[in-house]
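Peer 1: Below you will find the structure I want to go over with you.
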């Protein structure tokens, strides 16, 4: 799926029933396990929960998940500030982006679509920062590649 | 072709060039080393790797050509620095976040399917 000017759209086929995917998405305890985060409470529509990143480089940073809507087994949405990892920046003044999950049953199990919208409000300097954060993640992976290549020699 | 669409095409080409330049493990390693913001010399960038000084120089030139890395003379040696300007582009930002989502969705898939 292509990204247009200010949104991202992605989808994936999962070989599991919709109910199981739904649980993994909307049960905060399960969400934690595949997303790499630790929440201080469950997901409740209209309420916020704070998530602490569990990746070693970013484990000092909290991300607020503002839960918007939960429609059983079909739709789940929240707003957040992506890559809000600068301690000296007040993200509360920035417009958050909206993340939406759409679930559909398919022949093989579940078709899950995710969209993230509202990026036109994110400032240019914040975009550059997001790239740096991503590079930080690469660094770890590259170390593994490097170790692998060195061993092979 | 209108002026607008040709400038769009040029932009897309620039983005493709940046991604092509980054699509190499050695160059990605160099970028990762420069992410800290501090300028590095070629010797520093070569240190601890199995890559020759010459190869590092060649890879840095590729990164310089697409504007991801900038260099400045410091006495006898060149110092290399990351230039994050190209990544301020909205399209590249979205590509980076989209890649992050691809990774998260793969994690979710693996989690649900093996549970």
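Peer 1: Can you give the average number of partner chain beta-carbon atoms within 10 Å of each beta-carbon in peptide A:15-22, as a whole number? List each step's numbers first, then the result.
Peer 2: Values: counts 3, 6, 1, 0, 0, 3, 5, 1.
Taking all residues of A:15-22 together, the mean is 2.
Peer 1: Shielding by partners for B:27-33, please: the mean number of other protein chain Cβ atoms within 10 Å of each residue's Cβ.
Peer 2: 5
Peer 1: Per-residue mean of other chain beta-carbon atoms within 10 angstrom of the beta-carbon, peptide B:50-58? Numbers along the way, then the final one.
Peer 2: Working: counts 5, 2, 0, 0, 0, 0, 0, 0, 0.
For this peptide, the per-residue mean of nearby foreign Cβ atoms is 1.
Bear in mind that the values in this text are calculations on the coordinates, not laboratory data. Just so it is clear, the model here is predicted, and its values are computed rather than measured. For neighbour counting, all protein chains shown are included, and Cβ atoms are generated from backbone atoms with ideal geometry for every residue, glycine included.
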